[in-house]
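The values are calculated or read from the model by the stated rules, or taken from the named source; none is laboratory data. This structure is a prediction, so every number in the text was calculated from the model and none was measured. Cβ coordinates were reconstructed from backbone atoms using ideal geometry, including for glycine residues, and neighbour counts include every protein chain displayed. Quick note on the areas: whole protein, heavy atoms, side chains included, nothing else; ligands and nucleic acids left out. Shrake-Rupley method; radii C 1.70, N 1.55, O 1.52, S 1.80 Å.
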Amino acid sequence: MKKPKIIKNLKLLEELIAKLLMYVALFVVVAFAMSIVVTIISRGWPAMTWEMVSQVPGSSFLLGGDGGILNAIVGSLYIVGASTLLGLAISIPIVFYMNVYLKKTSKFGYIARLSYDVLFGIPPIVFGAFGFMIMVYFGMRASLLGGIIVITLLIIPVFIRSIDEVARNFPREILDVAYSLGATKLQTLHVVLRQILPGVATATLLAIGRAIGDAAAVMLTAGYTSAIPTSLSQPAATLPLAVFYQAMSPIEEVRQGAYAAAFVLTLIVLALSIGGRLIMRYFSKDKIH
Amino acid sequence: MKKVFKMFRPDHKFARGDGNSYIKIENLNVSIANNHILKNVNIDIPDNKITCIIGPSGCGKTTLLKTLNLLIYAIDGVDISGKIDVNGTNIIGRDFDIEVHRRMMGLVWQKPVPLPMSIFENVAYGCRVNGTFHPRKLKMIVEHYLTAVGLWDEVKDRLRAPATSLSVGQQQRLCLARSLAVEPSFILADEATSALDPMSSKTIEELFVRLKENYSIVMVTHTLSQAQRIADNVIFMYMGQVIEAGSAEQIFKNPQHELTQNYISGAFS
């Protein structure tokens with residue numbers, strides 16, 4: 001039986017409206033992202049001077065004096081770099097254990113995953129307050145080490161959740177092959193890593209994004225200083241806090257400096273995600289599809 | 001702890017197919033999640049012969065292979081009883097070195113499963129996990145087994161390319177080379193040619209016939225004509241039971257059991 005024409009037209013209309021809505025949604029998101037980038041560039045670029053990125057702030061920097069934000073750039077890189085490495089070193093074995101050693105129906109695995117989900121949703125300021133409390137208990141002061149530890153704790157759930165997502169879809173036959181060749185469970189790590197590396201790269205990008213943009217946790221644990229830290233026990237400045245303190249200033253020039261810091265922050269994140277994507281493409285060449 | 005140390009074991013000697021390998025299965029019962037899959041299976045698998053297991057889908061052929069390889073332990077809720085005697089050792093029981101046993105049983109899957117690595121690494125992987133790390137030695141092993149499966153000339157210029165860049169037929173031969181590289185005594189093939197085109201499956205069949213000089217081969221197959229072409233012994237299974245076993249000639253020309261007769265004449269499949 002032939003369909004009546006009106007129904008056919010209705011379906012076309014339906015399709016059209018759906019498409020239109022999707023285009024609008026896409027446009028809003030892209031426009032929003034672009035406007036952020038454009039604002040940061042247009043406001044940050046004029047304030048960008050060589051001095052800004054190559055010098056630590058002078059004594060009256062926040063009052064419009066000399067200096068730059070090198071302390072924050074270096075502090076951020078220290079904290080993010082160290083906590084990403086630490087986070088990876090802790091998360092990968094956990095995910096490996098949950099997926100290779102534990103059975104799919106394991107209660108322990110279920111509880112562990114639930115806990116990481118809960119941790120994932122906890123706001124950074126809570127991590128910061130918790131870290132701060134422990135630091136006070138041990139008599140530690142705000143320091144680079146404190147910042148690294150808290151940021152590591154903050155990004156471990158990000159790592160585990162997103163790597164686990166990939167590892168759970170790991171083809172079981174590959175494990176069977178490895179076993180049949182005489183591999184122990186531990187020895188399958190090599191194969192598992194090869195397969196989930198693209199996932200690990202994505203997770204790393206997400207984690208770095210969360211780590212580098214976080215202001216609340218580091219404010220309580222790493223502190224803020226004008227100097228570049230030379231040891232783990234010294235406080236360290238971070239870029240989001242540099243943005244924060246400058247943006248709070250009543251002086252117009254200093255507020256310009258906030259955009260410069262935001263510009264540097266965006267630039268670092270952008271460079272990392274583009275670099276990450278290139279690395280990801282390289283590593284996924286052996287992946288089984 | 002033993003397993004941890006084994007990782008660092010220096011160059012391990014492989015158990016070669018020495019012409020005296022055999023498998024003797026007695027009263028094997030396997031159930032998975034209270035589902036009785038293999039019922040009282042008794043099978044003899046001699047050396048240097050191709051033993052084909054035929055039977056309709058769901059008759060337990062794959063489970064039997066997985067049990068022989070002990071990959072069955074990776075499945076949840078599995079219960080095994082009976083005896084599987086491999087070269088004089090009963091492999092059913094927990095106090096057994098599973099990795100050494102698995103290496104002895106080279107497994108070839110229905111669908112080729114390359115590891116997420118390069119062609120070279122795929123063959124070398126098994127040697128690495130078993131303690132051979134010397135680069136020159138690995139190179140020799142890889143070349144030897146890729147030649148044995150007739151793949152060397154096709155891939156020698158792109159050993160570093162990902163294994164997935166090969167065609168399915170080539171991948172299956174690569175998987176066979178990978179299994180052979182750890183020097184097993186047995187080759188277990190689970191419908192190894194069913195995913196391949198006729199030309200590739202002919203290549204694999206010829207390979208198996210050549211390999212039976214050094215290995216004892218157990219092959220699960222859906223294609224009766226394939227069993228007729230290459231089998232020395234045939235085992236017919238139905239609903240988890242061995243209905244009939246014997247030499248290929250006897251089973252195909254003069255089957256004793258009614259079910260076997262029906263299956264071979266094509267009354268059901």
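Residues in the stretch A:132-161 that are open to solvent by less than 30 Å² (accessible area, probe 1.4 Å) and within 30 Å of B:Tyr73 (Cα to Cα): A:Ile160 alone. Residues in the stretch A:250-258 include none that are farther than 22 Å from A:Asp66 by Cα, in a helix (DSSP H, G or I) and without any contact (Cβ under 8 Å) to a residue 12 or more places away in the chain. Exactly one residue among A:Thr230, A:Thr225 is without any contact (Cβ under 8 Å) to a residue 40 or more places away in the chain, closer than 27 Å to A:Ser60 by Cβ, open to solvent by 20 Å² or more (accessible area, probe 1.4 Å) and more than 14 Å from every other protein chain (Cβ to nearest Cβ), and that residue is A:Thr230.
Rundown of residues vs (1) closer than 14 Å to A:Ala217 by Cα; (2) at pLDDT 90 or above, yes/no style:
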site	(1), (2)
A:Gly121	no, yes
A:Ile125	yes, yes
A:Ala129	yes, yes
A:Met140	no, no
A:Gly147	yes, yes
A:Val150	yes, yes
A:Ile155	yes, yes
A:Val158	no, yes
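None of A:Ser42, A:Ser54, A:Ser60 is open to solvent by 60 Å² or more (accessible area, probe 1.4 Å) and closer than 30 Å to A:Thr225 by Cα except A:Ser42. Out of the residues in the stretch B:19-52 meeting the condition of being among the hydroxyl-bearing types (Ser, Thr, Tyr) and open to solvent by less than 20 Å² (accessible area, probe 1.4 Å), tell me which one is farthest from the chain's Cα centre (by Cα). Result: B:Ser21.
Of all residues in the stretch A:155-184, those that are more than 14 Å from every other protein chain (Cβ to nearest Cβ) have Cβ atoms under 9 Å from Cβ atoms of residues that are aliphatic (A, V, I, L, M) and part of a loop (DSSP other than H, G, I, E, B), 6 or more apart or on another chain, in A:Pro157/A:Ile122. The number of residues in the stretch B:234-269 being in contact with a strand residue (DSSP E or B) (Cβ under 9 Å, 6 or more places away or on another chain), in contact (Cβ under 8 Å) with a residue 24 or more places away in the chain, among the polar types (S, T, N, Q) and open to solvent by 30 Å² or more (accessible area, probe 1.4 Å) comes to 1. For B:Ser216, the conditions (1) in contact (Cβ under 8 Å) with a residue 40 or more places away in the chain; (2) within 25 Å of B:Cys127 (Cβ to Cβ); (3) open to solvent by 40 Å² or more (accessible area, probe 1.4 Å) are fulfilled apart from (3).
Here B:Tyr238 meets the list (1) under 30 Å from B:Leu166 (Cα atoms); (2) in contact with a Gly (Cβ under 7 Å, 6 or more places away or on another chain) almost entirely, failing just condition (1). For the criterion of being surrounded by 22 or more Cβ atoms within 10 Å (Cβ to Cβ), under 13 Å from the mean Cα position of the chain (by Cα) and modelled with pLDDT under 85, B:Ala177 fails.
Residue-by-condition table, conditions (1) in contact with a helix residue (DSSP H, G or I) (Cβ under 6 Å, 6 or more places away or on another chain); (2) farther than 26 Å from B:Met104 by Cβ; (3) not basic (Lys, Arg):
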position	(1), (2), (3)
B:Met199	no, yes, yes
B:Glu206	no, no, yes
B:Asn214	no, no, yes
B:Met219	no, no, yes
B:Ile230	yes, no, yes
B:Met239	no, yes, yes
B:Ile243	yes, yes, yes
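The criterion of at least 2 residues that are open to solvent by 10 Å² or more (accessible area, probe 1.4 Å) and facing chain A (nearest Cβ under 10 Å) is met by the following helices (runs of 4 or more DSSP H) wholly inside the stretch B:53-172: B:98-104, B:119-129. The set of residues from the stretch B:76-131 being basic (Lys, Arg), touching a residue at least 24 places away in the same chain (Cβ under 8 Å) and within 30 Å of A:Ile196 (Cβ to Cβ) comprises B:Arg102, B:Arg103, B:Lys111.
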